[in-house]
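One structure is given below, encoded as structure tokens.
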Amino acid sequence: MLQPLIDLKNISKSFDGQIVLDDLSLTVKENTFVTLLGPSGCGKTTTLRIIGGFESPDKGQVLFDGQDITQIPPNRRQLNTVFQKYALFPHMNIAENIAFGLKIKGKSKSYIQDKIAYALKLVNLDGYENRSVDSLSGGQQQRIAIARAIVNEPRLLLLDEPLGALDLKLRQDMQYELIRLKNELGITFIYVTHDQEEALTMSDTIVVMNQGYIQQMGTPEQIYNEPENAFVADFIGESNIVDGLMLHDELVEIFGAKFACVDKGFGTKQPVDVVIRPEDIDLVEPENGTLIGTVTHLIFKGVHYEMEVTTDNGFEWLVHSTDMFPVGKKVGIHVDPFDIQIMNKPASEDEEAVGVNE
């Protein structure tokens with residue numbers, strides 16, 4: 001059973017009177033890869049900085065392995081942070097950059113040399129000890145920043161959008177590197193990003209945040225397949241989010257058409273939000289569809305076609321399919337019951353921001 005390593009208890013934080021985190025509580029278990037995901041200004045970086053000791057909460061506690069570390073400075077916490085700006089020292093070579101923290105701790109020369117060699121091998125940069133920082137690519141510099149953090153043997157590694165400045169191919173390579181490092185080292189990772197694909201690729205647990213609140217926390221599969229509110233559904237991947245009327249258990253009405261679903265407990269004739277992923281829509285002959293529409297847009301995306309299908313009420317359905325239907329073709333829309341996700345409508349804008357965890 002994995003033990004809790006970090007416990008945030010009722011954390012609140014404001015800047016200039018603006019609430020950034022509002023009574024946030026979060027538990028991170030040891031040896032997991034947890035991603036804080038959300039749009040700019042949602043509070044994810046502030047959460048990371050509070051864990052790292054770079055910001056103090058206005059109220060609440062930060063527990064590390066059961067001990068209160070809320071007032072302990074960053075250099076006395078068993079963690080290291082890797083930022084988007086790598087903060088390597090340009091006047092030092094690679095070995096000196098990696099050894100910086102170890103020298104401060106007063107480690108022996110032989111210990112430091114062994115650790116440098118070990119860290120460079122881990123990040124696949126053996127033999128780079130004497131190279132200058134300026135001679136490295138962005139991806140290589142990022143690896144050195146990670147190596148510098150790893151040699152200190154932290155129990156927790158904080159990463160604040162560390163791949164944001166890299167190009168797509170390099171970013172994907174580094175995602176796999178980080179997964180490998182986490183598995184090899186047994187370090188707990190807390191990772192901040194606004195990139196949904198990055199979160200889905202790397203995480204054991206995703207924490208979706210908005211306006212200082214946790215909207216949903218779960219595995220990548222749970223977050224993608226079972227979003228708990230419209231914000232999560234819209235932020236993670238692409239979705240068709242439509243107004244529905246829950247007629248009764250396992251039957252929802254969408255634009256006047258009745259769709260079988262598997263959801264229960266929403267009451268009778270209750271307005272709901274309905275989420276249907278583009279890849280879960282089957283386009284069929286018009287007479288076989290629950291709704292009928294016309295293909296109004298078509299793009300080839302390589303692995304699938306992306307189409308827009310406009311139904312009689314004017315709603316544009318986003319559809320991903322390996323089958324191509326030309327613009328102008330009449331089609332039927334069919335969705336399997338298991339692929340329809342029903343959610344309660346928020347009663348107010350405040351409730352929408354707070355999400356399901358308040």
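The values are calculated or read from the model by the stated rules, or taken from the named source; none is laboratory data. Just so it is clear, the structure is predicted and the values come from calculations on it, not from any experiment. Virtual Cβ from ideal backbone geometry, glycine too; neighbours counted across all protein chains shown. In case anyone asks, the SASA skips ligands and DNA or RNA and just uses the protein heavy atoms, side chains included. Shrake-Rupley method; radii C 1.70, N 1.55, O 1.52, S 1.80 Å.
Residue count for region 219-243 satisfying the condition of being open to solvent by 10 Å² or more (accessible area, probe 1.4 Å) and out of contact with any Leu (no Cβ under 7 Å at 6 or more places or on another chain): 15.
Surrounded by 19 or more Cβ atoms within 10 Å (Cβ to Cβ), in contact with a strand residue (DSSP E or B) (Cβ under 7 Å, 6 or more places away or on another chain) and in contact (Cβ under 8 Å) with a residue 24 or more places away in the chain - does that describe any residue in region 121-131? So far as region 121-131 goes, no, none of its residues is surrounded by 19 or more Cβ atoms within 10 Å (Cβ to Cβ), in contact with a strand residue (DSSP E or B) (Cβ under 7 Å, 6 or more places away or on another chain) and in contact (Cβ under 8 Å) with a residue 24 or more places away in the chain. Quick check on region 1-14: of everything there that is closer than 17 Å to residue 203 by Cα and in contact with an Asp or Glu (Cβ under 7 Å, 6 or more places away or on another chain), which residue is least open to solvent (accessible area, probe 1.4 Å)? In this case the residue turns out to be 5. Among the numbered criteria (1) part of a strand (DSSP E or B); (2) more than 22 Å from residue 198 (Cβ to Cβ), which single criterion is violated by residue 26? Residue 26 satisfies all of (1) part of a strand (DSSP E or B); (2) more than 22 Å from residue 198 (Cβ to Cβ) except (2). Among the numbered conditions (1) in contact with a Gly (Cβ under 8 Å, 6 or more places away or on another chain); (2) among the hydrophobic types (A, V, I, L, M, F, W, C); (3) under 30 Å from residue 289 (Cα atoms), the only one that residue 233 does not meet is (1).
Do we have residue 17 as farther than 25 Å from residue 104 by Cβ, open to solvent by 50 Å² or more (accessible area, probe 1.4 Å) and of a type in the set (Gly, Ala, Ser) here? Yes: the conditions hold for residue 17.
The set of residues in region 285-344 being open to solvent by 60 Å² or more (accessible area, probe 1.4 Å), in contact (Cβ under 8 Å) with a residue 40 or more places away in the chain, touching a Phe, Trp or Tyr at 6+ places or on another chain (Cβ under 9 Å) and farther than 24 Å from residue 234 by Cα consists of 323 alone. Could you go through region 78-93 and let me know if any residue there is outside any loop (DSSP other than H, G, I, E, B), of a type outside the set (Val, Ile, Thr), more than 26 Å from the chain's Cα centre (by Cα) and surrounded by fewer than 18 Cβ atoms within 10 Å (Cβ to Cβ). Yes, region 78-93 contains a residue that is outside any loop (DSSP other than H, G, I, E, B), of a type outside the set (Val, Ile, Thr), more than 26 Å from the chain's Cα centre (by Cα) and surrounded by fewer than 18 Cβ atoms within 10 Å (Cβ to Cβ). Being within 30 Å of residue 9 (Cα to Cα) and open to solvent by 80 Å² or more (accessible area, probe 1.4 Å) is true of residue 71.
Residue pairs whose Cβ atoms lie under 9 Å apart, sitting 6 or more positions apart in sequence or on different chains, and linking a residue in region 7-18 that is at positive phi to a partner that is crowded, with 17+ Cβ neighbours inside 10 Å and part of a strand (DSSP E or B), are 10/24; 10/60.
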